Amino acid sequence: MATLIRSKLSNKLSNAATAVSNKSQAKVSGMFARMGFQAATDDEALGFAACDDLDYDHRQGMQMDILTSDEMGGEASGDGGAMEGDTHYQRDGTGPPHSASKDGGPTNELSEVRPKITAWEAGWNVTNAIQGMFVLGLPYAILHGGYLGLFLIIFAAVVCCYTGKILIACLYEEDEDGQLVRVRDSYVDIANACCAPRFPSLGGHIVNVAQIIELVMTCILYVVVSGNLMYNSFPNMPISQKSWAIIATAALLPCAFLKNLKAVSKFSLLCTLAHFVINVLVIAYCLSRARDWAWDKVKFYIDVKKFPISIGIIVFSYTSQIFLPSLEGNMNKPSEFHCMMNWTHIAACILKGLFALVAYLTWADETKEVITDNLPQTIRAVVNLFLVAKALLSYPLPFFAAVEVLEKSLFHEGGRAYFPDCYGGDGRLKSWGLSLRCALVVFTLLMAIYVPHFALLMGLTGSLTGAGLCFLLPSLFHLKLLWRKLLWHQVFFDVAIFVIGGICSISGFIHSMEGLIEAFKYNIQE
């Protein structure tokens, strides 16, 4: 009897010691995770063009769930061998449920310490998304649209600001007391809610496909613009634009080995400031030639064949809706979201309009797809080298996000996964998973080689996914989820935006595809 009592007491003490040890390991692992030693993903947190330390958690989306268990004694396994208090890194947000606190409430150590951002920091994130290096294509849009192109820059700012607000409204519902409660967290959640109950996951799949297309096309654009800028900076060198694109892609192959973007994101603030300086230099040069501005070249007529492409270019330069739900959820004062959207889009509208107009007035009919190619040879090389560096450092952001969305959709859906997990039990990337990442890099290169047209690709992306994510889906979701609470003028705005967005999307897509097919055939024949 005494032996049995001693045995049970020994087991209890052993289990207690094991639990304490494992809980200590969990806390240490959690600390290292928060310090950035583990990768982090979230399919909703992707922006385009630029990302800095302020928006790293929100555009790339750190999602590391620390799961602990306070149970002691090994009752779960019956033999005391369970790993209680273990820490799990959740790449796809699935896994064992959160442990409950002593009072029955869930505990999440990361969510308690995760810092919130101010309205100014949120505005910086939105500014990075809508005022990136793709504004260099706006003067080309004015070339084919004239004053109507300027009007569209203003109109797109107003519409994208409005659809961003109504998208956030779809995250909330009223409780029994009439108070707004956040019941959804992402664009995918909103889409799934609209398609429920018949097709509960259809909307999320549509949003994910649109997001992947936009991210991959953004990667392709970075390769195209790198090859274009290098070729026009050194025209006397015996290297073609395709060869420059290959050289740029060779420098981008290490992206396939990325586990996180912490190192890359440290350069983004410098890149953003450098791009701002470049924009100022271009405007300053244009102002120095103000006496020669060709006001008579700005017309009210449009190029019917090429203007729809200009619509896609303008829309693409305003895309930010995909990460707005994540951004609003991380603001310490979500009530300031509407004000933040107003001033960021007003500032973007003014700066884009002025940049596009003065650049077009300076070069008129000679305006090129990338406006820096119009600069004199003496300063063009320096400016373009800075832009190439920015493009190459920006490439990992959409590439990594596209990889994460693909992995989550196809490899990390538990029993619903279409393919085996591309990560081993130790968390290391398998060889075939690495091959898929390399194949994605090579695919962006092939597209850049066979369709090396910046304006056409940008117009196609803006017409297809930009208009869908910024115009069509937000207005449709707003009508579907909140139609009983909408006023008549809100219904009118939503319907008008949906119709206008649909027309612009279809026309821009058709004309962009025609141009891309012609360019593809021409490059194949070469």
What FRET efficiency comes out for the pair Ser240/Leu202, r = Cβ-Cβ distance, R0 = 30 Å, nearest 0.05? 0.10
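Of the accessible area of region 293-387, with the probe set at 1.4 angstrom, what percent is carbon plus sulfur? Walk me through the numbers on the way to the answer.
Working: 2570 of 3840 Å².
Of all accessible area on region 293-387, carbon and sulfur atoms account for 67 percent.
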Computing the accessible area with a 1.4 Å probe over protein heavy atoms, can you report the carbon and sulfur percentage for region 124-229? 63
In the structure shown, of Lys368/Lys480; Lys116/Lys352; Lys259/Lys306; Lys333/Lys485; Lys333/Lys480, the pairs separated by more than 32 angstrom at the C-alpha atoms are Lys368/Lys480; Lys259/Lys306
Computed over region 179-314, protein heavy atoms only, probe 1.4 angstrom, the accessible area per residue in square angstrom equals 52
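May I ask you to order 312-322, 225-235 by the average number of other C-beta atoms within 10 Å around their residues, highest value first?
Working: 312-322: 27.7, 225-235: 22.4.
Packing order, densest peptide first, comes out as 312-322, 225-235.
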What is the sum of charges, Lys and Arg at +1 and Asp and Glu at -1, for the other residues whose Cβ falls under 15 Å from the Cβ of Thr163? 0
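The values are calculated or read from the model by the stated rules, or taken from the named source; none is laboratory data. Small disclaimer: the values here were computed from a predicted structure and weren't measured. Please note: Cβ atoms are built from the backbone with ideal geometry, for glycine as well, and neighbour counts cover all protein chains shown. Heads up: the accessible areas ignore ligands, DNA and RNA and are worked out on the full protein's heavy atoms, side chains in. Shrake-Rupley method; radii C 1.70, N 1.55, O 1.52, S 1.80 Å.
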